[in-house]
Amino acid sequence: MGPLGFFVAAFLYGLLARFLPYPFGEGLFVAQRLMLLHAAIYLFPVPPLDGAKALYAVGGYETRRFLDRLASYGPLGFLLIFLLLSYTGVTGSVVQGLAGLLGVLYRALGL
C-alpha cells in the first residue's frame, strides 16, 4: 500500500471514529494517526519507498545517481535518514499537514 492508500485508510478510520462510542472511537483515532505517519514516511524520497521511485522516474541523471548512492547504504542509511527526519521534526510537520488536509475533507463533507 502506498501513500494514497494509507491516506484513504486514515480517512476511513477517522470517519468511523466519529460515529463510534468512546473507547472504540479513540482507538480508531490512534489508528488514523498511525496511517498518516505511514503515508508521510512513504512520501519521502528515500529508497526503497514510493517517493524515491517517483523521484527516480521524473528526475534527471544527477537525481538518479544520488538515489542510487543513497540506496547503496541499505537499511542502515534508511534508518539514519528517518532518525534524522524525526529528530528535526520534519516527519511530524508532514503528518500535521496531512492531518490538516483530512480536516479540510471532513469539513467539506459536513462532518
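Values quoted throughout were computed directly from the atomic coordinates according to the rules given, and no laboratory measurement underlies them. In this text, all values refer to a predicted model and were calculated from it rather than measured experimentally. Ideal geometry is used to build each Cβ from the backbone, glycine not excepted, and the neighbour counts take in all protein chains shown.
For the chain, the direction-averaged projected area of the alpha-carbon convex hull comes to 8.1 nm². Only helices enter this figure: runs of n ≥ 4 DSSP H residues, each worth -39500 (n - 2.57), summed and divided by the residues of the chain, yield -27500 deg cm²/dmol at 222 nm to the nearest 500.
Full extension of the chain between Arg64 and Leu111 gives 12.6 nm of extra length, using 0.36 nm per residue less the Cα-Cα distance. Relative to the longest principal axis of the C-alpha atoms of the chain, give the angle of the C-alpha long axis of helix 3-19, reported between 0 and 90° and rounded to the nearest 10°. Approximately 10 degrees, to the nearest ten. Contact order, relative form, for the chain: 22 percent (alpha carbon pairs under 8 Å, 6 or more residues apart, mean separation divided by residue count). Annotation: amide H of Gly59 has no partner in the under-5 Å range at sequence separation 5 or more or interchain, hydrogens built in the peptide plane.
For Ile41, Ile81, the sequence from fewest to most other C-beta atoms within 10 Å is Ile81, Ile41. Full extension of the chain between Val90 and Tyr22 yields a length gain of 21.4 nm, computed as 0.36 nm times the residue separation minus the alpha carbon distance.
The residues packed around Leu102, meaning those with a beta-carbon under 15 Å from its beta-carbon, carry a net charge of +3 if Lys and Arg are +1 and Asp and Glu are -1.
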